[in-house]
């Protein structure tokens with residue numbers, strides 16, 4: 001399966017196998033009046049539940065690092081979003097909005113795209129490579145920004161960012177992180193999909209398969225990056241990276257690798273208490289799974 005399928009909409013054809021990716025605070029109670037006062041928190045809760053995604057977005061003007069034209073992107077108002085408990089592998093979760101959808105800047109004029117943390121950082125040589133392999137083939141897209149990004153649109157933007165990272169010979173960690181975020185987006189997309197008909201079940205299974213493939217690419221890529229790159233990596237210190245990879249390793253039932261990574265955290269004198277607590281919880285899970293598998 002071609003993991004970069006969908007880039008044709010941008011005028012770019014990435015052949016399957018042609019490129020190796022890695023070459024409220026809780027509310028107070030109101031007064032004791034019976035009917036009207038009791039209704040107040042219910043009304044407030046209802047309003048919160050239907051709060052639109054647009055309330056958390058703003059439009060920014062970005063100058064393209066490659067073609068130097070200015071274009072608009074949707075970005076998240078970070079001060080307004082409320083962080084929720086992350087997934088087991090540290091995938092961030094926020095109330096009312098999936099912020100991951102908005103972390104790629106994609107120039108509609110030339111086709112250069114990258115996650116926000118990498119967008120401005122290009123060498124002259126990398127710009128030349130992108131102009132030759134991306135810009136020369138790119139089919140300009142509409143300049144109008146939708147009010148919100150769908151998962152399909154967000155994933156296509158990330159794939160374009162991944163393709164650019166491959167073309168510019170970006171760091172292994174950048175490509176791995178891009179793959180990880182694509183996998184996370186596929187996970188959320190699949191979680192929202194119905195599966196009442198055979199067609200819907202087949203489509204959901206296809207999305208889950210893509211999720212798994214990008215997850216594996218991210219897992220393998222981060223291990224390669226850790227062997228040759230310094231920390232912090234993708235905004236993470238070594239202990240956070242160890243924990244995340246241990247969690248992913250558990251998903252793939254690679255408990256030996258997961259155990260070593262968790263031990264690195266637990267025995268470290270520099271690891272943050274929160275990540276140590278997570279590591280201890282993960283250790284218990286690993287022990288349980290190893291015993292379970294040994295009994296089979």
Task: P(r) histogram, all alpha-carbon pairs of segment 220-259 included - 10 Å bins from 0, percent - done: 31, 56, 14
- [ ] Provide the descending list of Cα extents for segment 135-281 along its principal axes, expressed in whole angstroms.
- [x] 52, 43, 26
Task: Taking N as its residue count, the alpha carbon Rg of segment 160-201 over 2.2 N^0.38 Å - done: 1.61
Open item on the list: What is the distance in Å between the Cα centroid of segment 169-243 and that of segment 54-122?
Closed with: 17 Å
- [ ] Grab every C-alpha pair in segment 191-246, bin the distances at 10 angstrom width from 0 up to the longest one, and report whole percents.
- [x] 21, 34, 21, 18, 6
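Could you list 135, 110 so that the one with the fewest beta carbons within 10 Å of its beta carbon is first and the one with the most is last? Walk me through the intermediate numbers first.
Values: 135 17, 110 21.
Listed from fewest to most nearby Cβ atoms, that is 135, 110.
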Open item on the list: For Cα pairs less than 8 Å apart in space and 6+ apart in sequence, what is the mean separation divided by the residue count of segment 237-296, i.e. the relative contact order in percent?
Closed with: 34 percent
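Based on the Cα coordinates of segment 69-114, what is the per residue volume of their convex hull in Å³?
87 Å³
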Open item on the list: If I take the Cα coordinates of the chain and project them onto the principal axes, what are the three extents in Å, biggest first?
Closed with: 69, 54, 47
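So how do 59, 178 line up by other beta-carbon neighbours within 10 Å, fewest first? Mind showing how you got there, number by number?
Working: 59 9, 178 31.
Fewest-to-most ranking of 59, 178: 59, 178.
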Task: Pair-distance profile P(r), taking every C-alpha pair of segment 237-296, with 5 angstrom steps and integer % - done: 4, 22, 33, 21, 11, 5, 2, 1
Task: 280, 143, 245 arranged by Cβ crowding within 10 Å, fewest neighbours leading - done: 143, 280, 245
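Only the coordinates and a few stated rules stand behind these numbers; no lab work does. What you see is a predicted model, and the numbers here were worked out from it, not measured in a lab. In this analysis, Cβ positions are derived from the backbone assuming ideal geometry, glycine residues included, and neighbour counts consider all displayed protein chains.
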